[in-house]
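The values are calculated or read from the model by the stated rules, or taken from the named source; none is laboratory data. For clarity, every value in this text was computed on a predicted model and none was experimentally measured. Positions of Cβ are backbone-derived with ideal geometry, glycine not excepted, and every protein chain shown enters the neighbour counts.
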Amino acid sequence: MKERIKLLLYLSAVLLLTIIHSEIFYLALLLILIISDLSFFRRSFKRILFSFIVFNVVISLSYLLFTFFRSDIDTGYILLINLRVLTITCLTFFFASHTNLPLALSFSETFSYLFTLSYSQIQNYIRTYSDLKEAHASRIIVREKTHIKILIERVINLFFTKSLYNAKETSLAMRSRGFLDG
Amino acid sequence: MVEIKNLSFGYNGKTILRNINLKISERERVVLLGVNGCGKSTLLKIMNGLIFAESGEFFFRGLLINSDYFKNPENRRSFRSSVVMLFQSPDVMLFNPTVYDEVAFGMRQMKKDEKEIKERVEELLNTFGLTKYRESPPFELSGGEKQKLALAAILAIRPNLVLLDEPMANLDPKSQGEVIDLLYELDITTVISTHNLSMAPELGERTILLSESHEILYDGEINSLLNNEELLIKANLVHRHRHRHKEIDHTHYHKH
Amino acid sequence: MHIPDGFISPKVYIPAYAVSVGLWAYSVRKMKNFLSSETLPFLSAATAFSFVLMMVVVPLPGGTTAHALGIGTLTVLFGPEISFLCTSLVLLIQALLFGNGGITTLPVNVLAIGFIGSYTICFILKPFSRHKNIGIFLSSFFAIILSATVLAVILGIQPLIATDTSGKPLFFPFGLTVTLPAMIIPHIFVGIAEGMLTLIALKVVRRFDREKLFEGKN
């Protein structure tokens, strides 16, 4: 229940952040967030920034250029939009790391299972994928164009097999643990 | 052959290796011992030139190995044909359409002639008991067979330094014995990682022990480490549990 | 493709959520036995597979590379409902746990990429039953172009529907004349990458004897 309230709070905050157009409001929320868990934001600052920096820099710079040629440079918009994006992104990272997401999403039990099963496999696949790329790099003595195609084929081959196999194993495991077919 | 100086490595703010210093000479057989998560795989990947240290240096035959080194295709060719690595999961290493092509892959890149390649591949398939699968796709093999195939594939190019990450972990006892014998007959430098203390003496003479705080705890001869219970407890490589001998119930540390 | 939160007005993302929820419910209902020990593991495995497809970098003629989305592969292999559901779930996981995209851009991406992408492929693929490879490439390509166009339209209407009293933008600042070319031109390359990925993937997968895989050999 507590986790679902957190989800509700998070969603309402996001809604407010897109309804109220005030830099002061964004700044205040951002400050409250950061102060509430300083060490988390110190650790995740880079990740948070990288998640939107490219898009925002491109949009901000082109907008500046655009208004410059119209000769009414609008820095207010740049501040507003970047502060809003920063605040929502910080809020999302904060929410995701301080909430048990499967519990928060358990308004549907099925969906919660699906989320957990998918995410745990994704984490596993990310590790395997990076190992696969490294193993490939380790065995390439002379670089050739065809090697990338070989790598792609191998990725699809391995993960398709793995997925079919996992689907079957998980299904057996669920039945063995008494999951009732509805 | 290998020299590592003051090397540290971190990922996402977490330390994975702390101030590592070591030297490995030609034909040495080194066992890298430590519990899961102590940084063994990372150290092997650094020695294979796949990832690069944040601080400190790694030298192979006197050459500093960093990302700049690999920008030169000639350097890449010389390093990749003399240092090879067996990954923990053989699945990630096999990408050719047949078992034969898998073993031939490295030599084909080195532009060896097909006759020489054929001889070498047949010899290795025979040694590893894989001849009957030569035309099968590698993913149809069992876990142990895949492990042996991956090993055959990296040994085919006659490397000078072989790095093996937990080569025994996926094998049944019979295959473990076979792989140990195969490795024993190789006259090359090997660095083998394991978390299995009882396996260590079979894999090499010199042991480097990594602690859970990602530092080198011990570097030296295996037998004196096995007698140093205090150090083994510190590295969490021995466990204690209760057991009963007839009527007496007691606990002590185990090395198995 | 990854638009962060804050550029899209609630006037767009709230209706987009309403439509998405409706489509999710419809797709779930269309699948037989959704809540079963067969379907859930299958969907989660397909979702993880779809995540991997999005990580793959495809080399393009001319030396550049592009990320494909794997919508083509998923749709041809498993059908549009599963492709739509799995893509939605991947987008949700990316938004919440990997900081790619956002929670307000989620329904927009779900509709543009997941729904329109998957069904475009089905629609285009149908008349190509005799020239399958051409159909697979073209359908994957046009699915990406159409998704990009829809996203461009959604971004491009922001300055029309959401400005302050002085007429300055509150969300995404550029109109359709900017967003359409800015989205569609680069996505021509993504489309080619997607077409190539789908062709490679289906070639690899066709080699499998699926029955054998289901016997549980790893």
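Among the residues of the range A:12-23, is any over 18 Å from residue C:9 (Cα atoms) and assigned to a helix (DSSP H, G or I)?
The answer is no; no qualifying residue exists.
I want to confirm something. Restricting to the range A:129-142 and keeping residues that are within 22 Å of the chain's Cα centre (by Cα) and buried (at least 18 other Cβ atoms within 10 Å of the Cβ), which single residue is farthest from the other protein chains (Cβ to nearest Cβ)?
Ranking the qualifying residues of the range A:129-142, first place goes to A:129.
A quick yes/no check of all residues on (1) buried (at least 22 other Cβ atoms within 10 Å of the Cβ); (2) facing chain A (nearest Cβ under 7 Å):
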site: C:27; (1), (2): no, no
site: C:31; (1), (2): no, no
site: C:49; (1), (2): yes, yes
site: C:52; (1), (2): yes, yes
site: C:59; (1), (2): no, yes
site: C:63; (1), (2): no, no
site: C:72; (1), (2): yes, no
site: C:75; (1), (2): yes, no
site: C:81; (1), (2): no, no
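May I ask you to list the residues in the range B:153-170 that are surrounded by fewer than 22 Cβ atoms within 10 Å (Cβ to Cβ) and of a type in the set (Gly, Ala, Ser)?
Scanning the range B:153-170 gives a single hit, B:169.
Can you tell me which condition residue B:186 does not meet? The list is (1) in contact (Cβ under 8 Å) with a residue 60 or more places away in the chain; (2) out of contact with any Phe, Trp or Tyr (no Cβ under 9 Å at 6 or more places or on another chain), and all the others hold.
(1)
Check whether at least one residue in the range C:102-112 is within 23 Å of residue A:50 (Cβ to Cβ), surrounded by fewer than 23 Cβ atoms within 10 Å (Cβ to Cβ), within 11 Å of another protein chain (Cβ to nearest Cβ) and touching an Asp or Glu at 6+ places or on another chain (Cβ under 8 Å), and report yes or no.
yes
Anything in the range A:138-182 that is farther than 21 Å from residue C:48 by Cβ, of a type outside the set (Lys, Arg) and outside any helix (DSSP H, G or I)? List them, or say none.
A:140, A:141, A:142, A:144, A:178, A:180, A:181, A:182
Across the range C:199-218, which residue is nearest to the chain's Cα centre (by Cα) among those that are more than 10 Å from every other protein chain (Cβ to nearest Cβ) and modelled with pLDDT of 55 or more?
C:199
Table: residues versus (1) surrounded by fewer than 24 Cβ atoms within 10 Å (Cβ to Cβ); (2) in a loop (DSSP other than H, G, I, E, B).
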| site | (1), (2) |
| --- | --- |
| C:135 | yes, no |
| C:160 | yes, no |
| C:174 | yes, yes |
| C:184 | yes, no |
| C:189 | yes, no |
| C:194 | no, no |
| C:197 | no, no |
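Counting only residues that are among the small types (Gly, Ala, Ser) and exposed (fewer than 15 other Cβ atoms within 10 Å of the Cβ), give me the helices (runs of 4 or more DSSP H) lying completely in the range A:27-122 with at least 1 of them.
In the range A:27-122, the matching helices (runs of 4 or more DSSP H) lie at A:38-69, A:75-98.
Going through the range B:192-235 one residue at a time, which ones are assigned to a loop (DSSP other than H, G, I, E, B), polar (S, T, N, Q) and closer than 25 Å to residue B:10 by Cβ?
Across the range B:192-235, the qualifying residues are B:211, B:213.
Can you tell me which residue within the range B:125-146, out of those that are under 19 Å from the mean Cα position of the chain (by Cα) and more than 17 Å from residue A:161 (Cβ to Cβ), is surrounded by the most Cβ atoms within 10 Å (Cβ to Cβ)?
B:128
Please specify each residue of the range B:8-43 satisfying the condition of being surrounded by 15 or more Cβ atoms within 10 Å (Cβ to Cβ) and part of a loop (DSSP other than H, G, I, E, B).
The answer is B:28, B:34, B:38, B:39.
Looking at residue C:169, is it touching a residue at least 12 places away in the same chain (Cβ under 8 Å) and under 20 Å from residue C:10 (Cβ atoms)?
When the stated conditions are applied, residue C:169 does not pass them.
Take the residues in the range B:82-127 that are farther than 23 Å from residue A:149 by Cα and modelled with pLDDT under 90; name whichever of them is nearest to the other protein chains (Cβ to nearest Cβ).
B:88
Just checking: which of the helices (runs of 4 or more DSSP H) contained wholly in the range C:40-125 hold 2 or more residues that are among the aliphatic types (A, V, I, L, M) and under 16 Å from residue C:148 (Cβ atoms)?
It comes to C:117-125.
Within the range C:10-20, identify whether any single residue is touching a residue at least 12 places away in the same chain (Cβ under 8 Å) and within 7 Å of chain A (Cβ to nearest Cβ), and answer yes or no.
Yes, because at least one residue in the range C:10-20 is touching a residue at least 12 places away in the same chain (Cβ under 8 Å) and within 7 Å of chain A (Cβ to nearest Cβ).
Any idea which of (1) touching a residue at least 40 places away in the same chain (Cβ under 8 Å); (2) within 14 Å of chain A (Cβ to nearest Cβ); (3) over 27 Å from residue A:158 (Cβ atoms) is the one residue B:17 doesn't satisfy?
Residue B:17 satisfies all of (1) touching a residue at least 40 places away in the same chain (Cβ under 8 Å); (2) within 14 Å of chain A (Cβ to nearest Cβ); (3) over 27 Å from residue A:158 (Cβ atoms) except (2).
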